[in-house]
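Structure first, then comments.
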Amino acid sequence: MGCFYSKKSKRKSGAKEEHTSTGESNAVPLGNNTDEAPKQYSWDKREKVDPSHYTLKGLKDVTVGRLPGTLNGEQFVIQECENCNIFVFDHSATITIDDCINCRIVLGPYFYPELAFHFKDAGLSIFNNNWSNIHDFTPVSGENNWSLLLEASSVLDFVPLPDPESDFKSVRISAESSRSIVPLTKGGRRKESEESCLFVFFAGEYTTANARKLIDEAVAKGFVLIQTKEVLMRPEDVKRVFHNSGDDIVEWITKGPVVALELNGDGVVEACRNIASEVFSGTKVFVSDNKNTSTRDVDNFFNFADMQMGF
């Protein structure tokens, strides 16, 4: 997409200017034009983009993709490809996939060293993982165009690592879940327990590290991470989401976004409250009071977060 601009010429075609001779000339000699240089706008200074660098089209039976640093946030289009393995190891504004047949397209489930920097460059939070929020633009009545893989599935069961001798040999790729910088969540799959707990960290120097520590503690006790979100809140949001606890929390939101986690499992509320007091005693957190109100806590916060993110 581009912008076109036209400037009116200072000369009027077909028109002649009349001059009255006064014996003095105001003419400026050629080569000494005193007019100001044309204004330059930001889009005038952008590098010219070759659309072919950001498109894969009409490929068949090949392994292709993009290496770190080749997209740098530009839009990327994959269309009319067949039986291809396509790996994208960079951040992109949007990725459009259209009219592809039997292609395995990998946009995220691998770890590689540049991934953390790509999240930062793209302005994305590792806690805003919406992998199971699928919108099907072309639904077919009575049919499913997509489905979630079984929880025990590994990405390597479906898409092998790129050939070591391919163009991706310089990228140190790993499919080990323990190396993922994005917390692994259950997403939209059925919960094993009816008891969930909302655990919220407020902005601070160690918010991300504290959230990771909580996940490790909870998972080690057999609980399951369902979803996470990182969002900004206003005072009026706090009172609506946290109800009776809102007055105490209003001051805590002024320093930045909050990170919230939903953990699930029988006895999770009591366990989370114990973790909060034993591990995070000096940290500003919110934890559901009891299992009778914890479902409401979870629904209030994540409904609010989804609205903030446009879901």
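The values are calculated or read from the model by the stated rules, or taken from the named source; none is laboratory data. Note that the coordinates shown come from a computational prediction; the quantities given were computed from them, not determined experimentally. We place every Cβ from the backbone using ideal geometry, glycine too, and count neighbours over all the protein chains shown. Keep in mind that these areas ignore ligands, DNA and RNA; they rest on the heavy atoms of the full protein, side chains included. Shrake-Rupley method; radii C 1.70, N 1.55, O 1.52, S 1.80 Å.
Values computed for the structure shown
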quantity: Gap separating the Cα centres of the stretch 245-311 and the stretch 94-127, nearest whole Å; calculated: 29 Å
quantity: Too-long pairs where the Cα-Cα distance tops 19 Å, listed order kept, from K213/K284; K239/K284; K191/K239; K186/K255; calculated: K191/K239; K186/K255
quantity: Segments 140-148, 260-268, 287-295 sorted - mean Cβ within 10 Å per residue, highest first; calculated: 260-268, 287-295, 140-148
quantity: Distance-filtered residues of the stretch 215-259 - backbone nitrogen under 20 Å, label point 7 angstrom along V279 Cα→Cβ; calculated: 215-230, 258-259
quantity: Mean separation of Cα contacts under 8 Å, 6 or more apart, over the residue count of the stretch 222-311: relative contact order %; calculated: 34 percent
quantity: In the stretch 159-221, chymotrypsin sites (Phe, Trp or Tyr not before Pro) in a DSSP loop with at most 15 other beta-carbon atoms within 10 Å; calculated: Y206
quantity: Loop sites in the stretch 80-182: trypsin sites (Lys or Arg not before Pro), DSSP, at most 11 other Cβ within 10 Å; calculated: R172
quantity: Contour excess over end-to-end distance, with Cα ends at T55 and E194 and 0.36 nm allotted per residue; calculated: 45.5 nm
quantity: Carbon and sulfur %, accessible surface of the stretch 183-309 computed with the full protein complex present, 1.4 Å; calculated: 44 percent
quantity: Percent RCO, i.e. relative contact order, over the chain, from Cα pairs under 8 Å lying at least 6 residues apart; calculated: 13 percent
quantity: Packing-based ranking, highest mean first, of 59-65, 300-306 given that Cβ atoms within 10 Å are counted; calculated: 300-306, 59-65
quantity: Amide proton proximity set for T63, modelled H, under 5 Å, gap of 5+; calculated: N85
quantity: J(HN,Hα) series, the stretch 173-182, from Karplus relation 6.51 cos²θ - 1.76 cosθ + 1.60, nearest Hz, glycine and proline x; calculated: 9, 9, 10, 6, 4, 5, 9, 5, 7, 9
quantity: Residues with amide H under 5 Å from that of C103, placed H, sequence gap 5 or more; calculated: N83, C84
quantity: Acute angle (nearest 10 degrees) that the helix 294-308 long axis makes with the longest principal axis of the chain, alpha-carbon atoms; calculated: 10 degrees
quantity: Tilt relative to the chain, helix 207-220 - C-alpha long axis, 0 to 90 degrees, to 10; calculated: 30 degrees
quantity: Whole-number accessible area per residue in Å² for the chain, which is evaluated in the context of all protein chains at 1.4 Å; calculated: 69 Å²
quantity: Spherically averaged projected area in nm², based on the convex hull that wraps the Cα atoms of the chain; calculated: 28.8 nm²
